[in-house]
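The values are calculated or read from the model by the stated rules, or taken from the named source; none is laboratory data. Note that this is a predicted model, so its numbers are computed, not measured. Every residue, glycine among them, receives a Cβ derived from its backbone with ideal geometry; neighbour counts consider all protein chains shown. SASA here: full protein model, heavy atoms, side chains in, ligands and nucleic acids out. Shrake-Rupley method; radii C 1.70, N 1.55, O 1.52, S 1.80 Å.
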Amino acid sequence: MNFEEYRRHDGLGLAELVAKGEVTAEEVLEVAIQRAEAVNPKLNGLIIPLYEEARRRAGEPLEGPFAGVPMLVKDLFQEIGGAPAYSGNKALKEQDFRAPRDSELVRRWKAAGAVPFGRTNTPEFGSKGVTEPESFGASRNPWNTDHTPGGSSGGSAALTAAGVVPFAGANDGGGSIRIPAACCGLFGLKPGRGRTPWGPEFVEALHGISVNHVVSRSVRDSAALLDATHGDEHGSLFHIAPPERSYLSELERDPAPLKIGFSLTSPIGTPVDPEAVKAVEDTARLLESLGHHVEEAAPSLDMMAMSMDWLGIWFTKCASEVARVKQLTGCGDEGFELDTLAMAAFGHATSADDYLGFYQRGQLYSQQLADFHDRYDFWLTPTLAMQPAAIGASATPAWQQNALKVILKLRASKLVMKSGLVEQMARENMKYVPFTQLANFTGVPAMSVPLHWCESGLPMGVQFVGTHGDEGRLLALAGQLEKAKPWFDRWPAV
């Protein structure tokens, strides 16, 4: 098998070739490794190669729907036993921290027959919508290496789009599956709260705000992988209703006519690129041609207030993570990026009353989104408000870095939070991705579908937000759109 043949198949297609004996798992893996070695110097997506471990696994008898299919996993909460687990963090990298065991998600991927052969780049603790950690450097977009592949699953998206693997591990606490999928021309489904596992260290992240899955080149790979990984785990906080039928089978028929509301303006009042508007308008026309009813409509809620409440929970999680790593490694502040220390400081300045307010208002936002879903099946938006940013464009400007250093030195984070500076910084950072956080905070599934490429040559995905338990309907619609406007054979020049 050569790369030209390899890239014509998605994961299920490769597994079928292995099952028929037309190619071996070892041969498929070597093609993937060769492709990684060829493109990674340009993309910097693969930061921890695990080639020898993968070669041993590929030589063993493998079973499952993805038996013999190579994949990459994100270096954030998708641990492989004995392998490095750095989470984009300098302190963990310097001490070469290793995972004691496979995460439950990796265990399920392996049970499905997949062959992980490396871990991918992520911003420190997955805290940004770009992948530019100081510990490993920036990952780059294969469609234009001067631009970001998004974040926080940017390394996974870059290498999947470049054809190294048909899918790669990702997780999403504010858009980190959908954002890089949109930046790189991939399909990205964020499952709903509790649908996929986090164990064994814990069973829920950020009250279910953050979830695990993949970015993929085909819809059916995403569906089949969700079939292989969904469901309760040891100690699950609640038992989410299983799907009525397999997710893969949802792709066998088109969905019934849907009523879809769409938005063209940013919910936080920031600009929206004309290409993002065009992506939604073109998608709306495509949906209508497929028999769906589409009209302009949006959930009735204060999206900026929601974003700040979501950010408040994120800050406190960051504070907890910094404290954990300091205890684990014995390092001081020098083991972390300045932005991470600032977020942790804002988290430490958050009172218990404030935190409870964030959480309780999250339930109100869920009710308000449910009101919208009483009238519409899905909410359609751009995934990105702007085209994928240039490398470094979203870095904290020098004046803000200086301000943050003063704030940290004076321990004035609580005062600063009352000043409005945090909201100003948040609005500036979220202007690229103002549409994605709502699905996380409310725990509903959402997806980015690669239906538009800009005149610049960069991809621009569109997002569909469903309600609880809608993974199957979202996948059915994605499958219909994939047939109507295929993207699988579009390739970057890298």
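Across segment 300-417, the volume of the C-alpha convex hull divided among the residues equals 153 Å³ per residue.
A probe of 1.4 angstrom, applied to the heavy atoms of all protein chains, finds GLU482 with accessible area near 40 square angstrom. From its DSSP helices (H runs of at least four residues, each -39,500 (n - 2.57)), the chain gives a residue-normalised ellipticity at 222 nm of -13000 deg cm²/dmol.
Of the listed residues MET430, MET1, the order by accessible area with a 1.4 Å probe, largest first, is MET1, MET430.
Suppose the Debye formula is applied to equal point scatterers at every Cα of the chain; what is log10 I(q)/I(0) at q = 0.08, 0.09 Å⁻¹? For the requested q values the scattering log ratios are -0.43, -0.55.
FRET efficiency for the SER300 to HIS207 pair, using the beta carbon distance and R₀ = 30 Å, is estimated at 0.85. Accessible surface area normalised per residue over segment 366-494 is 40 Å², counting heavy atoms of protein chains with a 1.4 Å rolling probe. Protein heavy-atom surface of the chain, 1.4 angstrom probe: 50% of the accessible area is carbon and sulfur, with nucleic acids and ligands not counted. When peptides 384-390, 163-169 are ranked by their average number of other Cβ atoms within 10 Å per residue, the highest-first order is 163-169, 384-390. Orientation-averaged projection of segment 159-268 equals 8.9 nm² [convex hull of Cα atoms, one quarter of hull surface area]. Extension gain, ALA390 to LEU356: 0.36 nm times the residue separation minus the Cα-Cα distance gives 8.5 nm.
Heavy atoms of the protein chains alone define the surface here; on that basis segment 63-151 has 29 Å² accessible area per residue at 1.4 Å probe size. Among the listed pairs LYS42/LYS110; LYS90/LYS128; LYS278/LYS431; LYS93/LYS190, those whose Cα-Cα separation exceeds 20 Å are LYS42/LYS110; LYS93/LYS190.
Per residue, the solvent-accessible area of segment 187-346 (1.4 Å probe, heavy atoms of protein chains only, all protein chains present) comes to 39 Å².
Shown in residue order for segment 107-116 are the 3J(HN,Hα) couplings computed by the Karplus curve 6.51 cos²θ - 1.76 cosθ + 1.60 at θ = phi - 60°: 4, 5, 4, 5, 4, 7, x, 5, 10, x Hz (x for Gly and Pro). Across segment 145-210, Cα-Cα pairs more than 17 Å apart make up 41 percent of the total.
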